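Here the structure is laid out as structure tokens; the discussion comes afterwards.
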Amino acid sequence: MDSTAILKSLEASGLATRIRDALWLFPLIESTHVICLSLVFGTILIIDLRLLGIASTHRSFKQMASDILKWTWAAFALTALTGTLMFITNARVYYHNFFFRMKMLMLVLSGINMLIFELTAGRTIHRWDKDPSAPRAGKAVAALSLAMWIGIIIMGRLIGFTTTRAATLAPPPAGVNFDDFLQGTPDKTGETPTTQPERK
Amino acid sequence: MKQFAQWLSTTFLSIFMQKHNSWVIPTIQSIHIIGIGVVMGSVFVIDLRVLGWAWMDQTLRQTTSRFGPWLTAALCVQLTTGLLMVIGEPVRELVTFSFWLKMILVAVGTLIAVIFQITLRKHEQRWEETLVNRRSIQCLAILTFLIWVCIIILGRLIAYDHVWGSWSPAAKA
């Protein structure tokens, strides 16, 4: 199967259809994506500033990492999951989007960056754990990490501006909104159009 | 409000932003997201400290003096970029239910942060020894975090205000 066929089958999957058809689902998935990415970025910032010797300089790095990084990973897992769910609703468009590709590239690069840390400064933590900043390699990784995560956020925002603009011209779909929720009207999913009502 | 929004959209700054819409709005929104990352990270760690789940080798006061200033600075960034977004797209922002509910929660979230930091400074010993262990205070920490979570959801829902049905003022227009 070529990539277009795979992307098409993702879009046609029951899960993707369900997300497209339900008025609330896409916005809630996107909100969860933002909540989790804000925690990913916020916690990585804390660690990177420690490595750079800018904040929390008097604390043990090991202690900080064990306090924080488990939450970073949990939030990252949820960000990736919600990102995947958004991707499958419009897979071909995202796949060919320049900013989406840049974002994925930057995510891979920040993964490699993290591996570099593990292979360099990460090996000698016992030596600089109480120092106000990491050795030079650790500082370089931290600076790169911050630059890339800021880039990832900017790319992510630009995806929203470049993939769904046309769809915003369409009127919002008829279907379950808050009124129906309050009145307990049953879900009328079959009637809703399959276009994404999203606007950036 | 709709009239005010329409007037705002005729002001100089708004027209400038609309003209350069393609890069101004995404840039400001990106800064707004980076800012909420700093807000969430700071609130998260302070709440974890109150709950006793992290930063336990530091006192409550030490934890808030590490993250409080970052929270304040990030909130100022949020206020500025948020205001610019309102000026850039007044009707999109102001004529929504999500925006106003978000503003109420932002006020509540900020008020809690301010009161917490002031009372902690005044009654430091009492906070460190007894208050921090109180179940009600720990519930408040969780509630505070959830308020910021809701603020993010409502922020995103500004773009999808039709989900509110007739609660959205845009539906009446």
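For the reader, a short list of remarks on this structure follows.
- Residue within region B:2-22 that is more than 30 Å from B:L120 (Cβ to Cβ), at pLDDT below 95 and at the interface with chain A (Cβ under 9 Å from one of its Cβ atoms) present: yes
- Helices (runs of 4 or more DSSP H) fully within region A:93-164 that include at least 3 residues being within 14 Å of chain B (Cβ to nearest Cβ), under 24 Å from the mean Cα position of the chain (by Cα) and over 22 Å from A:K62 (Cβ atoms): A:98-119, A:136-163.
- Taken over region A:40-49, the criterion of being more than 7 Å from every other protein chain (Cβ to nearest Cβ) and surrounded by 19 or more Cβ atoms within 10 Å (Cβ to Cβ) is satisfied by A:V40, A:I44, A:I47, A:D48.
- Residue check for B:L84: of a type outside the set (K, R), more than 19 Å from A:I44 (Cβ to Cβ) and more than 13 Å from the chain's Cα centre (by Cα): yes
- Single residue of region A:7-45 satisfying the filter (modelled with pLDDT of 95 or more, of a type in the set (V, I, T) and in contact with a Phe, Trp or Tyr (Cβ under 8 Å, 6 or more places away or on another chain)) that is farthest from A:N177 (Cα to Cα): A:I44
- Qualifying residue in region B:32-45 (condition: among the aromatic types (F, W, Y) and closer than 27 Å to A:M148 by Cα): yes
- Subset of region A:27-39 that is hydrophobic (A, V, I, L, M, F, W, C) and facing chain B (nearest Cβ under 8 Å) - its residue that is farthest from A:I125 (Cα to Cα): A:L28
- Single residue of region B:1-43 satisfying the filter (of a type in the set (G, A, S), more than 16 Å from B:T80 (Cα to Cα) and under 23 Å from the mean Cα position of the chain (by Cα)) that is surrounded by the fewest Cβ atoms within 10 Å (Cβ to Cβ): B:A5
- Among (1) out of contact with any Leu (no Cβ under 7 Å at 6 or more places or on another chain); (2) surrounded by 14 or more Cβ atoms within 10 Å (Cβ to Cβ); (3) within 26 Å of B:V149 (Cα to Cα), the one test that A:A55 misses: (1)
- Scan of region A:50-66 for residues that are aliphatic (A, V, I, L, M), at the interface with another protein chain (Cβ under 9 Å from one of its Cβ atoms) and touching a residue at least 12 places away in the same chain (Cβ under 8 Å), ordered by number: A:M64
- Residue check, B:L83 without any contact (Cβ under 8 Å) to a residue 24 or more places away in the chain and out of contact with any helix residue (DSSP H, G or I) (no Cβ under 6 Å at 6 or more places or on another chain): yes
- Pairs with Cβ under 8 Å, 6+ apart, first in region B:120-134 and on the phi > 0 side of the Ramachandran plot, second of a type in the set (G, A, S): none
- For A:S13, the stated conditions do not hold, so it cannot be described as in contact (Cβ under 8 Å) with a residue 40 or more places away in the chain and facing another protein chain (nearest Cβ under 9 Å).
- The requirement of being basic (K, R), within 8 Å of chain A (Cβ to nearest Cβ) and either surrounded by 12 or more Cβ atoms within 10 Å (Cβ to Cβ) or touching a Gly at 6+ places or on another chain (Cβ under 8 Å) (or both) is satisfied by B:R156.
- Here the condition is being closer than 29 Å to B:F16 by Cβ, surrounded by fewer than 19 Cβ atoms within 10 Å (Cβ to Cβ) and in contact (Cβ under 8 Å) with a residue 40 or more places away in the chain; of B:V95, B:V91, it holds for B:V91 alone.
- Screening B:I118, B:I151, B:I137 for residues that are under 17 Å from the mean Cα position of the chain (by Cα) and not acidic (D, E) leaves exactly one candidate, B:I151.
The values are calculated or read from the model by the stated rules, or taken from the named source; none is laboratory data. From a predicted model like this one, the values you see are computed outputs, not experimental measurements. Every residue, glycine as well, gets a Cβ built from its backbone with ideal geometry; the counts of neighbours run over all protein chains shown.
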